[in-house]
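Some notes on the structure that comes next.
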């Protein structure tokens, strides 16, 4: 099952939920660290340490994915590149939602779409197995990631991801990748 | 051989590798922008230690959070220690976790699952 997210409504709180923060722009490592501290600070009032740690972990995987893999890049004077994207943390009565949006190219879209569908169908044990197997594979030359982030996200949230790809106007080579995950404040 | 000492940052762990005693420890959080680059320094030090010192090693992880790309680097590092062990080297790994942090304990168990390497889980 693929869940359809709506680009215009996904970032806005509904049913009494509130925005903890919303960010749109260049996601540098320093910014991720600062936002991560905000996540920890906000959550520590409402959740157990275990839930705080899990939501923090999911937040880091999502933002570092954007930093490394967003097709929309900001280039620094020293040649270093940072991904551009959106990240929003919403709080509702019983859970937190992390929603992200970033640009992906055609090939990336196919790979991501296939990967998300596959991971969403897997049981806890299958996800664990896939994580252990994938971690042993050699990392592609030049890649900064381990290709484990999405698996980790589903394992930590204990629920399928909602995701969608939105075509861009006047740009048939790129799409927006929308991702939404939620974690209950009291889940085990 | 020189010690390898790196102070912790908000997103990289403190590193204390002591050449004389063979006591190696990393502690704190680990989610660098480029984990491979950060851990390469540690891996190079360990490879040199194994090649030149040929002494026992005790490696302690006391990590409170690590991202997935760090987890891959941990495995690479542990595989080097595993090979040292298989070649007859004396090595022990301590996986130190906060007493109520089942997630970190479990992530340790997943790392050692397929490794032939003496290790111990220690609650702190």
**Asked** Which condition does residue A:24 not pass, out of (1) touching a residue at least 60 places away in the same chain (Cβ under 8 Å); (2) surrounded by 14 or more Cβ atoms within 10 Å (Cβ to Cβ), if it passes all the others?
**Response** (2)
**Asked** Quick one: is residue A:180 away from chain B (no Cβ under 14 Å), touching a residue at least 12 places away in the same chain (Cβ under 8 Å), closer than 27 Å to residue B:106 by Cα and not in a loop (DSSP other than H, G, I, E, B)?
**Response** yes
**Request:** Kindly indicate the residue of segment A:74-99 that is closer than 23 Å to residue A:165 by Cβ and in contact with a helix residue (DSSP H, G or I) (Cβ under 8 Å, 6 or more places away or on another chain) and also nearest to the other protein chains (Cβ to nearest Cβ) among those meeting that condition.
**Result:** A:82
**Asked** How about segment B:72-105: which of its residues are out of contact with any strand residue (DSSP E or B) (no Cβ under 9 Å at 6 or more places or on another chain) and under 16 Å from residue A:133 (Cα atoms)?
**Response** B:72, B:75, B:76, B:79
**Complete:** If we keep only residues of segment A:40-73 that are away from every other protein chain (no Cβ under 12 Å) and in contact with a helix residue (DSSP H, G or I) (Cβ under 6 Å, 6 or more places away or on another chain), then the residue farthest from residue A:182 (Cα to Cα) is A:44
**Fill in**
Those residues of segment B:31-80 which are touching a residue at least 40 places away in the same chain (Cβ under 8 Å) and under 20 Å from residue A:65 (Cβ atoms) amount to B:66, B:70, B:71
**Request:** Please go through segment B:64-95 and pick out each residue that is within 12 Å of chain A (Cβ to nearest Cβ) and assigned to a helix (DSSP H, G or I).
**Result:** B:68, B:69, B:70, B:71, B:72, B:73, B:74, B:75, B:76, B:78, B:79
**Message:** Let me spell it out: the conditions are (1) surrounded by 15 or more Cβ atoms within 10 Å (Cβ to Cβ); (2) out of contact with any helix residue (DSSP H, G or I) (no Cβ under 7 Å at 6 or more places or on another chain); (3) over 27 Å from residue B:53 (Cα atoms), and residue B:124 meets all of them except one. Which number is the exception?
**Reply:** (1)
**Message:** Just to be sure before I move on: is residue A:160 in contact with a strand residue (DSSP E or B) (Cβ under 7 Å, 6 or more places away or on another chain), surrounded by fewer than 18 Cβ atoms within 10 Å (Cβ to Cβ), outside any helix (DSSP H, G or I) and away from chain B (no Cβ under 14 Å) in the structure I sent?
**Reply:** no
**Request:** Would you please name the residue that is surrounded by the fewest Cβ atoms within 10 Å (Cβ to Cβ), looking only at residues in segment B:45-68 that are more than 15 Å from residue B:91 (Cβ to Cβ) and out of contact with any strand residue (DSSP E or B) (no Cβ under 9 Å at 6 or more places or on another chain)?
**Result:** B:52
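Values in this text are rule-based calculations from the coordinates and carry no lab data. The shown structure was predicted, so the numbers you read here are calculated from the model rather than taken from an experiment. As a convention, Cβ positions derive from the backbone with ideal geometry for all residues, glycine included, and neighbour counts pool all protein chains shown.
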